[in-house]
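The values are calculated or read from the model by the stated rules, or taken from the named source; none is laboratory data. The model shown is predicted, which means the values in this text are computed figures rather than measured ones. Neighbour counts are summed over all protein chains in view; Cβ atoms, including those assigned to glycine, are modelled from backbone coordinates with ideal geometry.
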Amino acid sequence: MTTKNSSQNLINPFGLLQDILAKLFFRYGFFIAKHPRPFIIIPVLVTLLLMFGILNLRIEDDLRLLYSPEHSMSRLEYQVHKEFSGDSVNSSYVAIALEAAPPTPNLELNDGSTDVHKQSSTTHSPINWKNMLRHEIALSITGLQQFIMHNMTVDLPDGSYHFGNDICTRNALCPLSNVLVQLFFDAYFSEKLRKDPRIELHWPILKFFENKMFMPTNFYGVELNKSEGNSDGFDAISSIQVVHLVYHIAGTEKYTAEEVGIAVEKSLKQALAEREHLLRYSLFSLAILKAEMQKNTTYTLPYISLTLILLVTVVPFLAFAIGVDDTYVMLGAWQDTKRNLSPEKRMALSLEEAGSAITVTSLTSFLSFGIGTFSATPAISIFCKFIAIAVLFDYIYQITFFAAVMALGGRREAAGHHCIFLWRRMPKEQICKVIMREILSDNFLNNNYV
């Protein structure tokens, strides 16, 4: 008997919290039903005031920043790269990886003559056509470098800029980054320079007079002979698969480095297209990475009438989903009240019934996304911050703005006005008849007596 009585005296802390919330929402429902207008006007004014925050909105679309964990090695390495190269918000780069093009049949020009450059590329066997240590390849690469630095123009909205004089000179590394390629090919195919004792190659270092240069910066896929060859060391290299050119780009007074870089890429593609019979190329830059990530949207999604949106732009739809659920809970609680009660009493009973439910659902959603804000990946953290704040505002507007609108709707219902055409009203006799019947909803009977 003692055990039975003690078990009956135990208090459920969660039930106690629910009872406290129910009493608070009951009193709050009475108050908001008597004074609904401030709860409508104040949220509207707050919304209008917060709208000016869009002026401080900053869109972050740097894929490296968004999808790399904050303390990952890639971030640390990129920080070292920025300190070494001077890369910043207004400094970027465009890199070109050059490979030898596959052999093609001899092509005749319009005048019937044979293209010497194209013919020379076919004089090598299929086994070594990938080797870029060929005179015609060297001429094409050095000619490309000369064209880019001395003749290439870049088109920006306010006019054309000379790449070498107007853009490249803004960054100290740009004029020097590919000098090694020019010097190596000049020395490799020049008997005079190779005989000069001041020029030596002992891979991976090229000694050019008093200067020592690190060749793996610009040459990849290098194969060496077993023997060193001549004393100059040039014969030690048997094959080079890839030549890497880098152009450091700075912004101008009117345009950022990214905008200038996009224009430079277009000019580089035109210059490289004229040499595609000898060279295959791959371009890379931060802007290209972003463009490649968006290609699926650009080329496929337009056919189903969708456009690219940022991740956080789905936040309103998630907030709507949570808010609509709470709305149905409040409306369902309203429908379960007696129609012969006053609007104030019906509002109090509705919030007493639904207030605890929407509080718990909103709180759990807020905490769930709040935990996500501690994610090491910035993209996830930023998204969770947006949706957590949206859920919080959704809850506040639910118990203020929407509750006040419900209270006004209750007054309209009690007065017999039409739900859409507010100027239409039921006859007083019919209103009294409905009230006297003390109609209960079917949902109330099902929930409580079935």
Legend entry - Selected residue (only one of PRO197, PRO216, PRO175 is exposed (fewer than 12 other Cβ atoms within 10 Å of the Cβ) and assigned to a loop (DSSP other than H, G, I, E, B)): PRO197
Inset, instruction - Please enumerate the residues belonging to the stretch 373-427 that are in a loop (DSSP other than H, G, I, E, B), buried (at least 16 other Cβ atoms within 10 Å of the Cβ) and not hydroxyl-bearing (Ser, Thr, Tyr). - result: GLY416
Legend entry - Residue that is farthest from TYR93 (Cα to Cα), among those in the stretch 255-290 that are out of contact with any strand residue (DSSP E or B) (no Cβ under 8 Å at 6 or more places or on another chain) and not in a helix (DSSP H, G or I): HIS277
Legend entry - SER239 touching a Leu at 6+ places or on another chain (Cβ under 7 Å), surrounded by fewer than 18 Cβ atoms within 10 Å (Cβ to Cβ) and modelled with pLDDT of 85 or more: yes
Inset, instruction - Among the residues of the stretch 4-57, write down those that are modelled with pLDDT of 80 or more, among the aromatic types (Phe, Trp, Tyr) and loosely packed, with under 10 Cβ neighbours inside 10 Å. - result: PHE52
Inset, instruction - Tell me which of these ASP61 doesn't satisfy, since it passes every other one: (1) closer than 26 Å to LEU283 by Cβ; (2) part of a loop (DSSP other than H, G, I, E, B); (3) at pLDDT 70 or above; (4) not hydrophobic (A, V, I, L, M, F, W, C). - result: (3)
Inset, instruction - Scan the stretch 130-167 residue by residue and report those that are in a helix (DSSP H, G or I) and either among the aromatic types (Phe, Trp, Tyr) or not assigned by TED's automatic domain parsing to the domain that holds TYR93 (or both). - result: PHE147, PHE163
Inset, instruction - Restrict the check to the stretch 171-183 and report whether at least one residue is more than 23 Å from LYS207 (Cα to Cα), in contact with a His (Cβ under 9 Å, 6 or more places away or on another chain) and modelled with pLDDT under 90. - result: yes
Legend entry - Which numbered condition ILE249 fails, given (1) at pLDDT 85 or above; (2) part of a helix (DSSP H, G or I); (3) surrounded by 12 or more Cβ atoms within 10 Å (Cβ to Cβ): (2)
Inset, instruction - Test ILE371 against the criterion of being assigned by TED's automatic domain parsing to the domain that holds LEU408, modelled with pLDDT of 90 or more and of a type in the set (A, V, I, L, M, F, W, C), and give yes or no. - result: yes
Inset, instruction - Take the stretch 315-357 and flag every residue that is farther than 14 Å from PHE26 by Cα, part of a helix (DSSP H, G or I) and hydrophobic (A, V, I, L, M, F, W, C). - result: VAL315, PHE317, LEU318, ALA319, PHE320, ALA321, ILE322, VAL324, VAL329, LEU331
Legend entry - Residue match in the stretch 321-329 (condition: at pLDDT below 70, over 25 Å from GLY164 (Cβ atoms) and hydroxyl-bearing (Ser, Thr, Tyr)): no
Inset, instruction - Return yes when GLN145 is more than 20 Å from LYS269 (Cα to Cα) and not small (Gly, Ala, Ser) and no when it is not. - result: no
